[in-house]
Amino acid sequence: SLIKRAENVDKEFQEFQSDLAEAIEDCLSTDGQGSEGAEVPANEDTGPAEGESDAPSARLTPHTQTRLAALEAVAGLFRDGQGHLEEIETRLAEIATAHRMTREILNVLHRDTLRANELELANVALTTEHKTLSEQLLDT
């Protein structure tokens, strides 16, 4: 599932790059046109925010409105990127926790293996001692 998530992240990053490239191209093409009277469509959502008057937006040229819209699009992409980074951080924390827990389990298994080895050695020693004592008992 990590490979699938990586593919999704790659896809989102490519979309981010293409959106950013489009925004930059729009800005550059608008810069090239300047204020020669070329028509630049103003985005509908670049209107004044609630509480603002229409006077400041009336003074904005279409070129400025386009640049503000592009800037807002880039800011939105960065917000999305921040969300992806937070998700990655969460996944990395989960991986670190799983790694720590796995390490603890391996340490317990290692200690148990060493203890089993000690018990086997003690068992061999006791068996040898039992055999020796049995032979002494039979000889008497």
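Here are the numbers:
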{"item": "Which listed residue, of LEU121, LEU85, LEU68, LEU109, is among the hydrophobic types (A, V, I, L, M, F, W, C) and touching a helix residue (DSSP H, G or I) at 6+ places or on another chain (Cβ under 6 Å)", "result": "LEU68"}
{"item": "Answer residue from segment 36-68, given it is loosely packed, with under 11 Cβ neighbours inside 10 Å and in a helix (DSSP H, G or I) and is modelled with the highest pLDDT among those", "result": "ALA58"}
{"item": "Pairs, first loosely packed, with under 13 Cβ neighbours inside 10 Å in segment 69-92, second in a helix (DSSP H, G or I), C-beta under 8 Å, six or more apart", "result": "ILE88/VAL9; ARG91/ARG5"}
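The values are calculated or read from the model by the stated rules, or taken from the named source; none is laboratory data. Quantities reported herein were computed from a predicted structural model and do not represent experimental measurements. So basically every Cβ, Gly included, is an ideal-geometry build from the backbone, and we count neighbours across all protein chains shown.
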